[in-house]
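First up is the structure itself, then whatever we jot down about it.
The values are calculated or read from the model by the stated rules, or taken from the named source; none is laboratory data. Values in this document were obtained by computation on a predicted structure and should not be read as measured data. Here the Cβ positions follow ideal geometry from the backbone for every residue, glycine too, while neighbour counts run over all protein chains shown.
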Amino acid sequence: MFELRLLVPEDNVENVSDALDALDALSVSVEDADAHTDAEQALFGEPGMPPPKEGWQRSRVIALFPTEPAAREAATVLEFQDFFNGCSILGVANVPEQDWVRLTQSQFAPVEVTPEFWIVPTWHEPPAQARQVIRLDPGLAFGTGTHPTTRMCLRWIATHGLEGQRVLDYGCGSGILAIGAAKYGAARIDAVDIDEAAVESTRLNAEANAVQLNAGLPDKAEGRYQTVLANILATPLKLLAPLLCGHVAPGGSLVLAGILERQADELKEAYAPYARLQVSDSEDGWILMTATV
Ligand SMILES: C[S@@+](CC[C@H](N)C(=O)[O-])C[C@H]1O[C@@H](n2cnc3c(N)ncnc32)[C@H](O)[C@@H]1O
């Protein structure tokens, strides 16, 4: 395998990437050419900071080709294009053969939620101390357990237990929280998401874990639930306040994640007409907020 490396200014990245695709590159990746230098640019904005940028000022574009002549030919073709003005070829290099599947798999180790509760990819054996296991492989939908917000929700489920409950997972992604709820005793579970790929992924993951649940688009959520889980983000969570609270049965629990520590007060305010939210867990700057409704 051979990689062709290019230095490309911001405005030319799309054209160069498209051309490399058209030239049968096996893959094209784009990274900040100034990463780890003083000129490194943040791509995500924060309140009070300059707006986020669409791209980096200078990108390193790396295209993979099966042979050295194919990589060199692609470089030659690119050099003759108008949009290549300002770009430069950094070189063509041999990439040592790797077992890509094994390499990808090795990056996903079992994740500990509690000492007894683990999320384990299918190619791993569960750790000896695991009493509850969710089998989950990285897929298209969010929720492999590697993110603190997911882990905090699962920890809440494991420590509170949901024996016999009707549970709603709103924004289910991979379905990981719904599956966790089933493992901890929930009797009936609805898992909903605006993304159809997430709904499909939830169905497949539930099947792989021998868990019964109803997955669908948000209009599948119906009536009241003893526990409503929603790991989305602060802004949608604020907008969804009346809807989510309306789904919690009297005396039931609302569990919200996807919230940064500094967003706690705005969430409390948005939910104040319906519930008294409190911070009940935190990890890496993210918080879990819960209420009894
Ligand atoms: C951060 S992921 C959480 C996935 C999983 N529940 C977890 O805890 O790992 C948020 C999910 O919410 C979905 N989502 C975002 N806005 C939504 C909305 N307004 N209604 C329903 N789902 C939404 C997204 O498609 C995404 O799958």
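In the list Ala275, Ala264, Ala270, Ala291, which residue meets the criterion of being small (Gly, Ala, Ser), part of a loop (DSSP other than H, G, I, E, B) and away from the ligand (no atom under 11 Å from the Cβ)?
That would be Ala275, the only listed residue that is small (Gly, Ala, Ser), part of a loop (DSSP other than H, G, I, E, B) and away from the ligand (no atom under 11 Å from the Cβ).
Give the residues of region 185-223 that are more than 12 Å from the ligand (Cβ to nearest atom) and assigned to a helix (DSSP H, G or I), sorted by residue number.
Arg203, Leu204, Ala206, Glu207, Ala208
Restrict the check to region 242-261 and report whether at least one residue is crowded, with 24+ Cβ neighbours inside 10 Å, out of contact with any strand residue (DSSP E or B) (no Cβ under 6 Å at 6 or more places or on another chain) and closer than 22 Å to His147 by Cα.
Among the residues of region 242-261, not one is crowded, with 24+ Cβ neighbours inside 10 Å, out of contact with any strand residue (DSSP E or B) (no Cβ under 6 Å at 6 or more places or on another chain) and closer than 22 Å to His147 by Cα, which makes the answer no.
Name the pairs: first residue in region 230-246 and away from the ligand (no atom under 11 Å from the Cβ), second residue assigned to a loop (DSSP other than H, G, I, E, B), Cβ to Cβ under 7 Å, at least 6 apart or on different chains?
These pairs meet every condition: Ala241/Tyr274; Pro242/Tyr274; Cys245/Tyr274; Cys245/Ala275; Cys245/Val293.
Yes or no: region 172-183 includes at least one residue that is more than 9 Å from the ligand (Cβ to nearest atom) and over 22 Å from Leu136 (Cβ atoms).
no
State whether one or more residues within region 238-255 are in a strand (DSSP E or B), of a type in the set (Val, Ile, Thr), modelled with pLDDT of 95 or more and under 21 Å from the mean Cα position of the chain (by Cα).
Yes: region 238-255 contains one or more residues that are in a strand (DSSP E or B), of a type in the set (Val, Ile, Thr), modelled with pLDDT of 95 or more and under 21 Å from the mean Cα position of the chain (by Cα).
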